[in-house]
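In what follows, a structure is listed as structure tokens, so that the remarks can point back to it.
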Amino acid sequence: MEGTVRCSANYAPLTPISFLERAAVVYGDGAAVAHGGSRRTWRETRDRCLRLASALARLGIDRRDVVAVLAPNIPAMYELHFGVPMAGAVLCTLNTRHDSAMLSVLLKHSEAKVLFVDSELLENAHGALKLLSQANVSPPSLVIINDFGKASTADHMEYETLLRTASPHFEIKWPIDECDPISLNYTSGTTSRPKGVIYSHRGAYLNAIATILLNDITTMPVYLWTVPMFHCNGWCLPWGIAVQGGTNICTRNVSAKVIFDNIAEHKVTHMGGAPTILNMIINAPAAHRKPLPGIVAVMTGGAPPPPHVLFKMEELGFRVTHSYGLTETYGPATVCTWKPKWDLLPGEERAKIKARQGLHHLGIEEIDIKDPTTMKSVPFDGKTMGEVMFRGNTVMSGYYKDENATREALAGGWYRSGDLAVRHSDGYIQLKDRSKDIIISGGENISTIEVESVLFNHPAVLDAAVVGRPDEYWGETPCAFVTLKDGSHATAEEIIRFCREKLPHFMAPRTVVFDDLPKTSTGKTQKFILREKAKAMGSLPRPRGSKL
């Protein structure tokens, strides 16, 4: 329109770096990071992040260079989320459970120039660098992070030494374009070799704000880090907590005792975690539980939470918000926004509603459930399944060095998630399965999520996952892998009978295996491993004289 102009007075590229700049002024003396007996203010945190950026520049890091980190949820990991982009570089957070072989693959693919490694993970890192050298690939420079109270490691650059000798007056390299990359996140690898997902400054900015809003994180929260910061950049909350000047409670390890102890000590107001974390909390031994100082808001996601688990969390005094998303959507992308009329429902009914994935948050323009072939939307009938698709500002920029995979994922102008869901009459979506996990038995679709929800209601079941097992007659039938609670007992026949009482018989497991479930570090069950186990059992013979 005539008379409009874009200039520095009315436009600046969106970037989460601005959150730290503001927090250092508004909340300067407030606690930013707490770990063990140590506390740092927002002013101190900004100073350290500037020193980190200065040190990276001194190491030759420039715009778009990749800086990798292998570390748990410790203060240095938090600082890297700001210091690396302040240097104009791209942060690549690596899964701490990867072995040396996988780390070498990711370091080679990302072309990381510097690798920050927590001292406890140094052996894996050394193994990865050795593999790179054997493959004639130049390894990244290594910087050791010695956590509070640990001795310095000789023969390597050390994190605190780098910061002490760097300038706190570094001139921030703000993004030239808000779509410039800020981070490179590798997918969890539950099904195949991980892909590198590129996040932009703009997307990270918007998803951090959206995540703060959907979880009702108000001014100066106390946030307990139980979500790995390496996973989708901690659901964008390392940046988001700075928006509200909160305190980040960092923890090396996560257990029910650690969670309850930190909630009591720090008066935690917010935390997050996959349903695995919630399950850990509700099954905590009485000796590890402590009264909550107030309501603790928990954002859960990563896998559909069983209604039984949500109900038990509510009984303990936690307020759970259910979100859903993928690495390709910067983590959280939907929220099951609560409606006051649902407060009048019985607890179990509330839990069933809360287990739905809801609708897109404000960073996503639109979510839809579509037939992936015709691209037509499914009816709002709560029955017709289709693929979950997204479009909007917090969808990835693409897969690093993989144009074909990017085109395939974004074909038709939508990001195709590979998840199957239905849409209810109120517009809320509910996941039914991953497209690769759906069981087709005798021509009928069986949602493994529905079967797992029933299994979680069994009083002896701690954890459960369902996959398809080959079946001579039906093609495949449900095979349940079950972990029992300590001190509890149940037979396969009892588990099957329990399910048949609550499900159509064709949906009930025909096989039950008692075992610990393989998990990713973010709490997702690695179903591809379970599918291989089920396949190795061989096909079930046709039952004589009976019908499912």
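The values are calculated or read from the model by the stated rules, or taken from the named source; none is laboratory data. Not measured: the values here are computed from a predicted model. For the accessible areas, the whole protein counts, side chains as well, though only heavy atoms, and no ligand, DNA or RNA atoms are used. Shrake-Rupley method; radii C 1.70, N 1.55, O 1.52, S 1.80 Å.
For the residue pairs Lys113/Lys173; Lys108/Lys436; Lys502/Lys524; Lys354/Lys432; Lys485/Lys535; Lys312/Lys502, the alpha carbons lie more than 22 Å apart in Lys108/Lys436; Lys502/Lys524; Lys485/Lys535. Can you give me the Cα centroid spacing of segment 220-239 and segment 408-445 in angstrom? First find each Cα centre; the distance between them is then 28 Å.
Within the same chain, lysines fewer than 8 places from Lys519 are excluded, and of the rest, those with a Cα less than 16 Å from its Cα are Lys527, Lys533. The gain in end-to-end length when the Asp47 to Lys267 segment is fully stretched comes to 76.5 nm, 0.36 nm per residue minus the alpha carbon separation.
Rolling a 1.4 Å probe over the protein heavy atoms of segment 339-483, with every protein chain left in place, gives an accessible area that is 49 percent carbon and sulfur. Fully extending the segment from Lys257 to Gln134, taken as 0.36 nm per residue of separation minus the present Cα-Cα distance, adds 40.0 nm. Relative to the current alpha-carbon distance between Lys341 and Glu314, full extension at 0.36 nm per residue lengthens the span by 8.0 nm. The listed residues Glu532, Glu349 rank as Glu532, Glu349 when sorted by accessible area, largest first, using a 1.4 Å probe. Is segment 437-537 rounded, prolate or oblate when judged by the Cα gyration tensor, a ≥ b ≥ c being the square roots of its eigenvalues, rounded requiring a/c under 1.5 and prolate requiring a/b larger than b/c? Verdict is oblate for segment 437-537. Normalising by residue count, the chain has a Cα convex hull of 179 Å³ per residue. Amide H contacts for Phe514 (H built 1.01 Å from N in the peptide plane; partners 5 or more residues away or on another chain; cut-off under 5 Å): Val482. Taking every DSSP beta bridge that has both residues in the chain, what percent is antiparallel when rounded to the nearest 5? About 55 percent, rounded to the nearest 5. Solvent-accessible surface of the chain, taken per residue with a 1.4 Å probe and all protein chains present: 42 Å².
Which whole-angstrom value gives the distance between the alpha carbon centres of segment 498-531 and segment 332-370? Cα centroid of segment 498-531 versus Cα centroid of segment 332-370: 25 Å apart.
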